[in-house]
Amino acid sequence: MKWLRSFLSAEKEKIAALSGPKAKAEYIWQYYKLWIIGVVCGVSLLGYIIYQVNSTLSENWLYVTFTNTYAEVGTGSDLWEDFVAFSDFDLKKKNVVFNNSSYFDYASNQGAGNTYYQVFVAYVDSGTLDCVTMDEASLVALGATGRLLDLNSEECTSIVDKYADRLVYCEPYDEDYSDDLVPVGIDVSDSCLMTEYQLYEDSCVIGIGAYSQNVDAVELFLDYLIGEVS
């Protein structure tokens with residue numbers, strides 16, 4: 001890193017030779033503004049992610065993210081209140097969180113550089129997120145990243161037994177993992193999420209977070225949604 005030390009030393013001498021703080025500030029801004037903006041944005045993004053994750057690290061009965069919708073289905077909404085009553089979860093012990101402020105479309109390559117997607121990944125990897133809703137094309141694309149639980153997993157046996165005719169499949173995220181299509185979602189397009197709350201235009205599919213510890217609660221949520229149909 002000798003070249004870096006030489007460069008920094010030369011820049012330090014240039015700045016020191018300038019007359020007055022204003023001239024120094026103008027020089028630094030003129031030649032390093034992109035670096036400064038990049039660092040500020042990076043620090044802000046990191047702080048946002050840390051805040052979002054830490055604000056949801058308390059124990060949850062269920063954490064649901066409704067992506068790409070402006071429907072009123074967040075925590076405290078009619079949907080939330082109906083489900084809490086249906087589930088009989090004791091909110092004095094744990095939380096039920098409905099997050100409807102997440103906007104990214106992995107099917108349209110709006111994932112990796114999207115702040116909402118990075119927060120979503122943090123939720124998944126920390127085990128905070130239990131399930132997510134998307135239109136079918138978006139969820140299939142997301143499933144190929146390995147962020148969604150393979151519904152062939154043992155903990156999903158009951159869900160698959162109940163809803164085998166609703167499974168949505170994607171290409172395996174790793175060719176060594178499987179040669180077959182992998183079930184990663186449950187179609188709930190005929191549920192109240194579409195008929196009453198109109199989350200999406202064409203389809204609505206639920207996927208389970210790869211590290212969810214509350215698969216039983218996700219199944220209860222599915223029972224609630226699909227039970228609304230009958």
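Spin-label model, S126/D180: points 7 Å from Cα along the beta carbon direction are separated by 3.6 nm. If you sort the three axes of the alpha carbon gyration tensor as a ≥ b ≥ c, you get a/c of 1.5 or more for the stretch 141-230 and a/b above b/c, which makes it prolate.
Just the protein heavy atoms count here, and of the accessible area of the stretch 74-230 at 1.4 Å, carbon and sulfur take up 41 percent. Here the simple spin-label model places points 7 Å from the Cα toward Cβ, and for K93 and T145 these points are separated by 3.3 nm. With a simple spin-label model that places each label point 7 Å from the Cα along the Cα-to-Cβ direction, the separation between K162 and A107 comes to 2.6 nm.
What's the FRET efficiency of N114 with Q213 using the Cβ-Cβ distance as r and R₀ = 22 Å, to the nearest 0.05? Each step should come with its number before you reach the end.
Details: r = 26 Å, r/R0 = 1.17.
For R0 = 22 Å, the calculated efficiency reads 0.30.
Were the residues from E201 through E154 laid out at 0.36 nm apart, the gain over their Cα-Cα distance would be 13.7 nm. Take 147-154, 89-96, 183-190, 204-211 and order them by the average number of nearby Cβ atoms within 10 Å per residue, most first; the result is 204-211, 183-190, 147-154, 89-96.
A straight line joining the Cα centroids of the stretch 63-111 and the stretch 170-230 runs 14 Å.
The values are calculated or read from the model by the stated rules, or taken from the named source; none is laboratory data. The structure presented is a predicted model; accordingly, all values stated were derived computationally and were not measured. With ideal geometry, Cβ positions are generated from the backbone for all residues, glycine too; neighbour counts draw on all protein chains shown. Ligands, DNA and RNA are stripped out before the accessible areas are found, and what is left, the full protein with its side chains, is counted by its heavy atoms. Shrake-Rupley method; radii C 1.70, N 1.55, O 1.52, S 1.80 Å.
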